[in-house]
Amino acid sequence: MSSEEQITEALRKGLGEYIVKISKPRENRLNITITKEGIQQAIKLLVENYDARLATISAVDKGLDIELIYHMSIKGAVINVKTEFPKEEPKINTITNIVSGANWIEREIMDLFGVTFEGHPDPRRLILTPELPKEQTPLKGPMQGVVTPYQKPTVEALLSQGQLFPILSVTKKQRTELKLPEAPPTTLVNMEALDEVQKVAKTVKFDEKVGFDWKRKKLRYG
């Protein structure tokens, strides 16, 4: 078993449910995507078991979410530990208690992307002046997804109601006059059908791709 295979196996055993995906794009490169709750455990495992060194942390604005990539070096191999979280709640645990050298790079990401590193020992501004409001973050853009403004009502109606157009009152009246049920057997009156439509959307992760908030029945942006 190669060293990268050993690391992969150790990560799978040590992180368990925190793991989202592991891939090997090329030789001496390993990408592991985890939930943000597992970040300290992942970094600690690599540092203590494999003498990993932190090269840097990259932050990426993905439109609706912020992605952090912890670039760890182990004897010539690079292990990229990736995690992301919604812009609405840009918080993650600091790793300064494990790698003290993460101090300044975390402070830089705080300034430029507005991320809060919980437990950071010195969360003062590093690049921006203290007088600037906290919401002024140069590299964090507005909430932005794949759905354009004119598509928003269609997507929200499809996911929340299972159909694109409501039943008009005039249609209901005409159906009643014809001694038909006021509404046809659509997803608006057939909850089992609506559940099936929503289940399919979640299975293929359409809701995640468009940024749909199931609690609010709205897109997270626009």
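The values are calculated or read from the model by the stated rules, or taken from the named source; none is laboratory data. Source: prediction; values computed, not measured. So basically every Cβ, Gly included, is an ideal-geometry build from the backbone, and we count neighbours across all protein chains shown.
Applying the condition of being more than 23 Å from Y221 (Cα to Cα) and aliphatic (A, V, I, L, M) to region 82-108 and asking which residue is surrounded by the most Cβ atoms within 10 Å (Cβ to Cβ) yields I95. Looking for something touching a residue at least 24 places away in the same chain (Cβ under 8 Å), assigned to a loop (DSSP other than H, G, I, E, B), of a type outside the set (A, V, I, L, M) and in contact with a Lys or Arg (Cβ under 9 Å, 6 or more places away or on another chain) - is there at least one such residue anywhere in region 150-170? No.
Would you mind stating whether L164 is over 25 Å from F212 (Cβ atoms), loosely packed, with under 14 Cβ neighbours inside 10 Å, hydrophobic (A, V, I, L, M, F, W, C) and outside the structural domain of M110 (by TED's automatic domain parsing)?
Working: over 25 Å from F212 (Cβ atoms): no; loosely packed, with under 14 Cβ neighbours inside 10 Å: yes; hydrophobic (A, V, I, L, M, F, W, C): yes; outside the structural domain of M110 (by TED's automatic domain parsing): yes.
So L164 fails the test.
Of the strands (runs of 3 or more DSSP E) lying entirely inside region 17-95, the ones with 1 or more residues being more than 26 Å from Q144 (Cβ to Cβ) and at pLDDT below 95 are found at 19-26, 29-34, 65-74, 77-86. One residue stands out among those in region 128-161 that are loosely packed, with under 11 Cβ neighbours inside 10 Å and of a type in the set (V, I, T): the one that is farthest from K199 (Cα to Cα), which is T129.
Can we say P133 is free of Cβ contacts under 8 Å to residues at least 12 places away in the same chain, part of a loop (DSSP other than H, G, I, E, B) and under 30 Å from Q40 (Cβ atoms)? Here the answer is yes, as P133 does meet what is asked.
For region 81-100, name all the residues that are among the basic types (K, R) and touching a helix residue (DSSP H, G or I) at 6+ places or on another chain (Cβ under 7 Å). It would help to see each step written out before you state the result.
Restricting attention to region 81-100, the residues satisfying the condition of being among the basic types (K, R) are 82, 87, 91.
The answer is none; no residue qualifies.
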